[in-house]
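One structure is given here, and the rest of the page talks about it.
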Amino acid sequence: MSKYLFVTGITGQVGQYLLRELLRAGRPIAALVRSRPGEDARTRLAELVDRWSEPGFPTPRTACLEGDITLPGLGLSESDIAWIGRHCDSILHNAASLTFYGSDRSKDPWLSNLTGTQNVLDVCRLTGLKSMHYVSTAYVCGTRTGTIREDELVSPPGFRNDYEECKHAAEKLVRESGLFDTLTIYRPAMIVGDTKTGYTATYHGLYPYFQFVHLLSTYAEREEDGRFEVPVRLNLTGDEARNLVPIDWVGEMMAHILLHPELHGKTYHLTPFQPVVARTIETAMATKFGFYGVTYVGPDALTKENQTEIEKQFYEYVATYQPYWNAEPVFDVSNSSAAAPHLPCPPVDEPYLHKLIDFAVEDRWGKGPAKSRSVS
């Protein structure tokens, strides 16, 4: 490990946890980082490294390359590109936009996820990098149902949103580039917060459901027992699977695979071995917020015409994520379970869900003080 791993997306949620694991392992890292107003790229990286540095352990070499995946050549100078060619032996492309819909392909998520990936491939071609680790998503399967195999990328009948479609196109671009002697692909499912602290840097997927009920709880009229009613009918049976994975487990899995060359060259579903079901999530929310009244009426029982006012508010609030309610696929985890049998995906149970809610409320859904948003 004398040479650097060139990494994009180190400041994102997955990147931060991966950085922690790589620092612990002593892996030298060269990170592509954007500057932000009032905070230059080197300061951003230094703060992350300081956050994860552990007393008594030497900090491995880190290098900062200021750039942007949305720019040709990643916005790097000729000398930076030459430096990568001399000092890096592989790349981890992790940077991505989590935006679900874009007005056109010149904007996110297409700009970061597809154009950005092409820009990364162009730099790999210039620098001669022959080993890539690429972070895709389990949802490149689009609207396919049944069991989704790790070793396939099949064009689905459709996609739920632009995010899925552009990530599918980007993974196809990487696979067909012909640039790499070794290509390792990671496909996480829906990522939620840290199992120990509840920490999250993003509030997508599951979190709008938490937030809706939290908003109701702030002005609800409580009954004598302290509970309040949420008379919402769900277009569910309650048994639908939810593929949620903790961010710290995703970081540990990726680092384990990345640090063991004998595991390279495969595709890994970073998905739960035993998905949580919708009823468990609703029960955890009910006990945490103190509500009752939710009922399950089965798929498509409700339409906009027969919804109550509170049901209309609820379905509008979570509309972006509702396409995932009834058609979660089953993800094959043969490669993942064989690669790390000592790292089973932690169960998403009621105490863990309560931890996620507690952090989100304290953090005010991403608007809280810096101390509550730190990773521990």
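Where a number appears in this text, it was derived from the coordinates with a stated rule and is not lab data. Bear in mind the structure is a predicted one, so any value in this text is a computation, not a measurement. Every residue, glycine as well, gets a Cβ built from its backbone with ideal geometry; the counts of neighbours run over all protein chains shown.
Annotations for the structure displayed:
- Lys pairs, the chain - Cα-Cα below 24 angstrom, 8 or more residues apart or on other chains: 20
- The chain: angle of helix 41-52 to the longest principal axis, Cα-based, in degrees nearest 10: 70 degrees
- When only the Cβ of Lys, Arg, Asp and Glu is charged (+1, +1, -1, -1), the dipole of segment 1-143 relative to its Cα centre reaches about 300 debye.
- Relative contact order, whole percent, for the chain stands at 18, derived from Cα pairs under 8 Å and 6 or more residues apart.
- Length available on full extension from GLN274 to LYS196: 0.36 nm per residue minus the Cα-Cα distance, which gives 26.1 nm.
- Residue separation of HIS260 and LEU71 scaled by 0.36 nm, minus their Cα-Cα distance, works out to 64.9 nm of gained length.
- For a label point 7 Å along the Cα-to-beta-carbon line of ALA25, residues of segment 91-110 with backbone N under 13 Å: 91-92
- For segment 150-217 versus segment 1-34, the gap between their alpha-carbon centres in whole angstrom: 20 Å
- Other residues within the sphere of radius under 14 Å centred on the Cβ of TYR296, judged by their own Cβ, net out at -3 (K and R +1, D and E -1).
- Summary of the geometry: segment 307-348 and segment 74-141, compared by the centres of their Cα atoms, lie 27 Å apart.
- Between 0 and 90°, nearest 10: helix 116-127 axis offset from the chain longest Cα axis: 20 degrees
- Length-normalised contact order of segment 4-188 in % [C-alpha pairs under 8 Å, at least 6 apart]: 21 percent
- Compactness of segment 144-215, taken as the C-alpha radius of gyration over 2.2 N^0.38 Å, stands at 1.46.
- Theoretical ellipticity at 222 nm over the chain - DSSP helices of four or more residues, -39500 (n - 2.57) apiece, nearest 500: -10500 deg cm²/dmol
- Over all other residues within a Cβ to Cβ distance under 10 Å of LYS130, the charged ones net out to -2, with Lys and Arg as +1 and Asp and Glu as -1.
- Anisotropy class of segment 167-284 from Cα gyration tensor, a/c 1.5 cut: prolate
- Of all the options ALA30, ALA96, ALA41, the one that moves most in a Gaussian network model of the chain with Cα springs shorter than 10 angstrom is ALA41.
- Segment 4-188: radius of gyration over Cα atoms, expressed as a fraction of 2.2 N^0.38 Å: 1.04
- Sites excluded, GluC sites (Glu not before Pro) in DSSP loops with at most 12 other C-beta within 10 Å, longest stretch of the chain: 225-376
- Choice from ASP151, ASP104, ASP162 with maximal GNM fluctuation in the chain (Cα, 10 Å cutoff): ASP104
- For the pair THR147 and GLU47, a Förster radius of 41 Å applied to the C-beta separation gives a FRET efficiency near 0.45, rounded to the nearest 0.05.
- Within a Gaussian network of the chain (alpha carbon springs, distance under 10 Å), most fluctuating of GLY38, GLY142, GLY75: GLY38
- FRET efficiency estimate (nearest 0.05) - Cβ-Cβ, ARG36 to TRP325, R0 35 angstrom: 0.45
- Other residues within the sphere of radius under 13 Å centred on the Cβ of PRO109, judged by their own Cβ, net out at -1 (K and R +1, D and E -1).
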